[in-house]
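Coordinate-derived values only; no laboratory data. Just so you know, these numbers come straight off a predicted model, no measurement behind them. With ideal geometry, Cβ positions are generated from the backbone for all residues, glycine too; neighbour counts draw on all protein chains shown.
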Amino acid sequence: MSIIQEVITKTQRQDADQPEFHQAVKEVLETLEPTAEKHPEFVRAKIYERIVEPDRAILFRVPWVDDRGEVQVNRGFRVQFNNAIGPYKGGLRFHPSVTLSIMKFLGFEQTFKNSLTTLPMGGAKGGADFDPKGKSDEEVMRFCQAFTRELFRHIGPDTDVPAGDIGVGGREIGYIYGYYKKIVNQHDGALTGKGLDYGGSLIRPEATGYGLVYFVAEMLATRGLDFSGKVVAISGAGNVAQYAMEKVNQLGGRVITLCDSSGTIVDEKGICDDKCEFVMELKNVRRGRIKEYADQYPVLCYIGKSVWDVIREQGIRVDIALPCATQNEIDGPNAEALVKNGCFCVAEGANMPSTPEAVQIFQDRGVLFAPGKAANAGGVATSGLEMTQNSIKLSWPREEVDQRLRQIMKNIHQVCLDASQTYGHKADYVMGANIAGFMKVARAMLACGVV
Ligand code: NDP
Ligand code: 2IT
């Protein structure tokens, strides 16, 4: 058995109850076989064994009082995975499905993603099994404050810099940063995704979605294509989905789907102009359900179905698929159906939205496929730019941040192609992203000794 296979087997044995973490470890390590052959020094220093163990995983109680005066208890997490190349960096997720397995998978992925951005950021993830749905603003604030009462001692601008993810947006970052600042008595920028008035960066809200679409534009260009006239399926209706939709529209594509946990809407005419504004107001201000779109416009809403189920069941033709909701949303049968319905490009706005079976199908059928750690890296890259602006105590104009984001996505695209080429695989973005992300972290770990 190869050293890599041994590490995969050991991880599965040691953490038998962490399926998402195993999935991520297997997906990354299997593509790293050639690096072990080429770099015996990595094998000797046990880099592969070390890289799958988080530096530390912090679990904590989050007690808070709801609007009825009742005490509630949630579970909080911060997994500081690897700081070989820079301070820990990664989002916070508030969703009832949050477990240690999900935090570890996300922290592991983040390590390689952050490396790809070329900025000095290590990998981390955190969050809580708190469900913000149906909670008042005051309840969300009290929860964020209770969460920060423990989190604050583990973070800092040169230690660990959290940001948003599912269920954590501008409102939550404001409450968390506000309370952090109060406790440590310093305005040091220890979170990103902050509001513009208190240290945030222009373009950070848009960055993951815009970056995803910039990345796809690069992929399409390798086949002499662009977005013009392309039919695009997007899942989710949150931060990443909304700004991916906005940028696809700007580049001349037609977005025909969105979803949330209540169901999927299909609008063959395209979700653009006032319809986009409606979605943003619905999800960001009123915090309503996507089915309200079907009350407002003459389209169908498929209750309780994912975008990918609807495409399979209704035989809807699409050119490009951008999954932007959550992990494992596209399974094997849905991947088959996408390809059958004409889809030739899939890029992951979410983290690990395609199951291993789905990825295999896309790659076997010659679909242009970009994994999340490359395609959605624009969000954390722009968080890195927010950290830089905080350090130099200046704010860059919108065009400057957007320009840097675009350049970073272009670089990541090229680095993925180059890395897969170097190891003899043409245009394999999965292998390219994993190897390119890994090499920098591995070299840094080797240089820093056994720590
Ligand atoms: P948001 O909370 O803003 O939006 C998430 C959207 O996906 C919502 O519409 C939500 O529906 C839907 N969704 C989430 N979980 C589920 C589920 N289990 N079943 C069905 N629908 C679900 O999150 P983001 O847009 O920030 O994040 C989306 C994805 O992108 C995540 O995988 C995240 O890790 C990834 N990502 C985010 C980045 C960022 O900068 N924000 C950066 C890189 C990746 P509902 O409204 O009903 O909850
Ligand atoms: O998955 C991700 O890259 C994020 N949620 C963004 C993390 C960040 O620190 O901006």
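What is the order of T111, T99, fewest Cβ neighbours within 10 Å to most? If you can, show how the numbers build up before the last one.
Numbers: T111 28, T99 17.
In increasing order of surrounding Cβ atoms, one gets T99, T111.
Just grab the label-to-label distance for R56 and K10, each label 7 Å out from Cα along the Cβ direction, in nm (one decimal).
According to this spin-label approximation, the distance is 2.3 nm.
Please pull out the direction-averaged projected area of region 16-163, using the convex hull of its alpha-carbon atoms, in nm² to one decimal place. Please list the in-between numbers first.
On the way: hull surface 39.9 nm².
The directionally averaged projection comes out at 10.0 nm².
What is the distance in Å between the Cα centroid of region 147-188 and that of region 80-100?
Each part reduced to its Cα centre gives a spacing of 13 Å.
Region 356-386 to region 283-343: how many Å between their Cα centroids?
Each part's Cα centre sits 19 Å from the other's.
Using the Karplus equation 6.51 cos²θ - 1.76 cosθ + 1.60 (θ = phi - 60°), what ³J(HN,Hα) coupling, rounded to whole Hz, does each residue of region 373-378 give in order, writing x for Gly and Pro?
5, 9, 6, 9, 6, x
Before rounding to the nearest 500, sum -39500 (n - 2.57) across all DSSP H runs of length at least 4 in the chain and divide by the residue total; then give [θ] at 222 nm in deg cm²/dmol.
The per-residue figure over the chain is -15000 deg cm²/dmol.
For a quick protection proxy, order the peptides 138-148, 182-192 by their average other-Cβ count within 10 Å, most packed first.
Numbers: 138-148: 21.1, 182-192: 17.2.
Going by the mean number of other Cβ atoms within 10 Å, highest first, we get 138-148, 182-192.
Can you bin region 275-407 into rounded, prolate or oblate? Criterion: square roots of the alpha carbon gyration tensor eigenvalues sorted a ≥ b ≥ c, rounded for a/c under 1.5, prolate for a/b above b/c, oblate for the rest. Provide the component values of the computation, followed by the final result.
On the way: a/c = 2.56, a/b = 1.35, b/c = 1.89.
Since a/c reaches 1.5 but b/c is at least a/b, the shape of region 275-407 is classed as oblate.
P(r) for region 86-131, please, calculated from all Cα pair distances in 10 Å bins and given in %.
Answer for region 86-131: a P(r) of 32, 46, 20, 2 percent.
If packing is taken as the average number of other Cβ atoms within 10 Å across a peptide's residues, how do 303-312, 434-443, 231-240, 270-279 rank, most packed first?
Details: 303-312: 20.7, 434-443: 22.3, 231-240: 26.8, 270-279: 16.3.
Top to bottom by mean Cβ count within 10 Å: 231-240, 434-443, 303-312, 270-279.
Determine ³J(HN,Hα), in whole Hz, for all residues of region 145-161 in sequence, where each value follows from phi through the Karplus function 6.51 cos²θ - 1.76 cosθ + 1.60 and θ = phi - 60°; x replaces Gly and Pro.
Once θ is set to phi - 60°, the couplings for region 145-161 become 5, 5, 4, 6, 4, 9, 4, 4, 6, 9, 10, x, x, 10, 10, 7, 10 Hz.
From the C-alpha coordinates alone, can you work out the Kirkwood hydrodynamic radius of region 153-234, in Å?
Numbers: mean 1/r = 0.0665 Å⁻¹.
It works out to 15.0 Å.
Could you tell me the extents of the chain's C-alpha atoms along the three principal axes, largest first, rounded to whole Å?
Largest to smallest, the principal-axis extents are 62, 57, 44 Å.
Taking only the alpha carbons of region 398-439, what extent do you get along each of the three principal axes, in Å, biggest first?
Projected onto the principal axes, the Cα atoms of region 398-439 cover 39, 18, 13 Å.
Report the local net charge at V232: Lys and Arg +1, Asp and Glu -1, summed over other residues whose C-beta lies under 9 Å from its C-beta.
Details: positive: K230, R254; negative: D319.
It works out to a net charge of +1.
I'd like the FRET efficiency for Q363 and K38, computed as 1/(1 + (r/R0)^6) with the beta carbon distance as r and R0 of 25 Å, rounded to 0.05. Write down the numbers at each step before the final one.
On the way: r = 23 Å, r/R0 = 0.90.
Calculated transfer efficiency: 0.65.
Could you work out the local net charge near P323, counting Lys and Arg as +1, Asp and Glu as -1, over the other residues with Cβ closer than 9 Å to its Cβ? Show your work: numbers first, answer last.
Working: positive: none; negative: E329, E348.
Within the 9 Å Cβ shell, the charges total -2.
Give the long-range amide H neighbours of I58: residues separated by 5 or more places, or on another chain, with amide H under 5 Å away, using H modelled in the peptide plane at 1.01 Å from N.
R78, V79, Q80
Taking every DSSP beta bridge that has both residues in the chain, what percent is antiparallel when rounded to the nearest 5? Working shown, then result.
Numbers: 26 of 47 bridges.
Once the DSSP bridges in the chain are tallied, antiparallel ones form about 55 percent.
Give, rounded to the nearest 20 debye, the magnitude of the charge dipole that region 288-385 has about its Cα centre when Lys and Arg contribute +1 at Cβ and Asp and Glu contribute -1 at Cβ. Before the final figure, lay out each step's value.
Details: 8 positive and 11 negative charges, 24 e Å.
Computed about the Cα centre, the dipole is about 120 debye.
Counting only other residues whose beta carbon sits under 12 Å from that of D402, what net charge do I get with K and R as +1, D and E as -1? Could you put the intermediate results ahead of the total?
Details: positive: R204, K247, R398, R404, R406; negative: E206, E399, E400.
Local charge sum for D402: +2.
Hey, rough spin-label estimate for E313 and F278, points 7 angstrom out along Cα→Cβ, what's it come to in nanometres?
For E313 paired with F278, the spin-label model returns 2.2 nm.
Karplus couplings for region 429-439 from phi (6.51 cos²θ - 1.76 cosθ + 1.60, θ = phi - 60°), rounded to Hz, Gly and Pro as x?
So the J values, rounded to whole Hz, are 5, 5, 5, x, 5, 5, 5, 5, x, 5, 4.
Give me the extension gain from R68 to S391: residue separation times 0.36 nm, minus the current Cα-Cα distance, reported in nm with one decimal.
Length difference between fully extended and current span is 112.1 nm.
Under a point-charge model restricted to the Cβ atoms of Lys and Arg (+1) and Asp and Glu (-1), what is the dipole moment magnitude of region 53-171 relative to its Cα centre, in debye to the nearest 20?
Values: 16 positive and 15 negative charges, 31 e Å.
Computed about the Cα centre, the dipole is about 140 debye.
Would you pull out the residues with amide H under 5 Å of N328's amide H, same chain only if 5 or more places away, H placed 1.01 Å from N?
Under 5 Å from the amide H of N328: S354.
Where the Cα atoms of region 95-249 are projected onto their three principal axes, how long is each span, largest first, in whole Å?
54, 37, 36
Using 0.36 nm times the number of residues separating V285 and L300, minus their current alpha carbon distance, what extension gain do you get? Write down the numbers at each step before the final one.
Numbers: separation 15, 0.36 × 15 = 5.40 nm, distance 2.32 nm.
Contour length minus Cα-Cα distance gives 3.1 nm.
So for the chain, taking the charge dipole from beta-carbon charges (+1 Lys/Arg, -1 Asp/Glu), which of P157, A294, I102 sits furthest toward the positive end?
P157
Once you put a point 7 Å from the Cα of R223 and another 7 Å from the Cα of H425, both along the Cβ direction, what distance in nm separates them?
Once both label points are built, they end up 1.9 nm from each other.
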